[in-house]
Ligand SMILES: *Cc1c(COP(=O)(O)O)cnc(C)c1O
């Protein structure tokens, strides 16, 4: 039976002045809207108790399983306000499907696609005024599922909470898009064969933070992880998939089971083909990437994900070595793909793939 996500309106929502002050400079992940969607699952009764309710803290027993064993998965997607004032999502059914796969890996129950979409639409419709307009702003949506049973035994929880919160987001690159430096870690890996790399779970992020700190020590903004077995093949960044351009082809590591299958990744591969670039998914050696950047045969390198969209990569650093893209001013393919994607998301270009979905 479908969940209803009936609305219980916030008795004292943010005032228009408060909301407008936040929307004028939202940043990322700092401010939250007036409502959130929640649903609870129990092993005995399945999913029940759904609603769109006033945003607020959970009361958690100290023995709540997620706090001890990290049985948790999440999603990330955006709602966009178009020039005609309609609100759209971008390929949300892929997020629904991925959350189901992530949940399965973490032994959690998932919402079916209908309920997942209903929860998101419920929050966005309740907080429609929180969707910013102008520039590359959006309302970032964060659905998540966690083990909410108070129990210290190690087994899949018998009680699970689903929640979707929303946070207005400004343009990720406030000072214009500029290339980042990437640290290739030879000390830490992100995901191993048979592990949770392909699942969007908080534990993967917890495990990547120390590598992120290592990158910062070397003057880099992000980490590129290599495969855990041989440290030989390129996998991805901590939260973004990675690509390079060579000879009219767009290369990205093939999905191995330890790489997260990004919605942006899939979209970028399709857009590359639209733009006349041949998309190539295969195993890519770190050494190949380094030498290609060094000798100039690789003309552009970039990363992508929902939050930052498309980020050019100017340099890679590994141990004592550093290689740069020869002409970082160019990034023409990167810029073209980025623009194309944004134009579809914001309704400025024809959505020939049918990726956008009007929800309000
Ligand atoms: C979320 C995520 C991505 C990007 O996925 P999108 O669906 O494009 O936002 C890439 N890598 C990791 C590890 C992620 O968690």
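Numbers below:
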item	result
Hey, residue 256 in contact with a strand residue (DSSP E or B) (Cβ under 9 Å, 6 or more places away or on another chain) and at pLDDT below 95 or not	yes
From 341, 290, residue being under 24 Å from the mean Cα position of the chain (by Cα) and within 18 Å of residue 237 (Cβ to Cβ)	341
Selected residue (criterion: surrounded by the most Cβ atoms within 10 Å (Cβ to Cβ)) from residues of segment 313-327 that are away from the ligand (no atom under 16 Å from the Cβ) and under 26 Å from the mean Cα position of the chain (by Cα)	325
Matching residues, segment 101-125, being outside any loop (DSSP other than H, G, I, E, B) and surrounded by fewer than 18 Cβ atoms within 10 Å (Cβ to Cβ)	101, 104, 105, 113, 114, 125
Segment 241-254, residues that are loosely packed, with under 14 Cβ neighbours inside 10 Å and within 12 Å of the ligand (Cβ to nearest atom)	none
Failed criterion for residue 310 (all others in (1) away from the ligand (no atom under 16 Å from the Cβ); (2) under 20 Å from residue 221 (Cα atoms) hold)	(1)
Those strands (runs of 3 or more DSSP E) lying entirely in segment 126-237 with at least 3 residues away from the ligand (no atom under 12 Å from the Cβ)	138-147, 159-169, 180-184
Counted residues, segment 1-23 - those being at pLDDT below 95 and touching a helix residue (DSSP H, G or I) at 6+ places or on another chain (Cβ under 7 Å)	2
Pick from segment 238-248, criterion part of a strand (DSSP E or B) and touching a residue at least 60 places away in the same chain (Cβ under 8 Å), ranking: farthest from residue 327 (Cα to Cα)	241
Strands (runs of 3 or more DSSP E) contained in segment 1-98 and holding at least 1 residues assigned by TED's automatic domain parsing to the domain that holds residue 265, surrounded by fewer than 20 Cβ atoms within 10 Å (Cβ to Cβ) and within 16 Å of the ligand (Cβ to nearest atom)	none
Members of segment 225-237 that are farther than 20 Å from residue 309 by Cβ and touching a residue at least 24 places away in the same chain (Cβ under 8 Å)	225, 226, 227, 228, 229, 231, 232, 233, 234, 235
Any hit, segment 161-183, residues being under 28 Å from residue 220 (Cβ atoms), in contact with a helix residue (DSSP H, G or I) (Cβ under 6 Å, 6 or more places away or on another chain), surrounded by 18 or more Cβ atoms within 10 Å (Cβ to Cβ) and at pLDDT 95 or above	yes
Qualifying residue in segment 267-277 (condition: in contact with a strand residue (DSSP E or B) (Cβ under 8 Å, 6 or more places away or on another chain), more than 25 Å from residue 352 (Cα to Cα) and within 13 Å of the ligand (Cβ to nearest atom))	no
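The values are calculated or read from the model by the stated rules, or taken from the named source; none is laboratory data. It should be emphasised that the depicted structure is a prediction, and the values quoted were computed from it without experimental measurement. All Cβ positions, glycine included, derive from the backbone under ideal geometry; neighbour counts span all protein chains shown.
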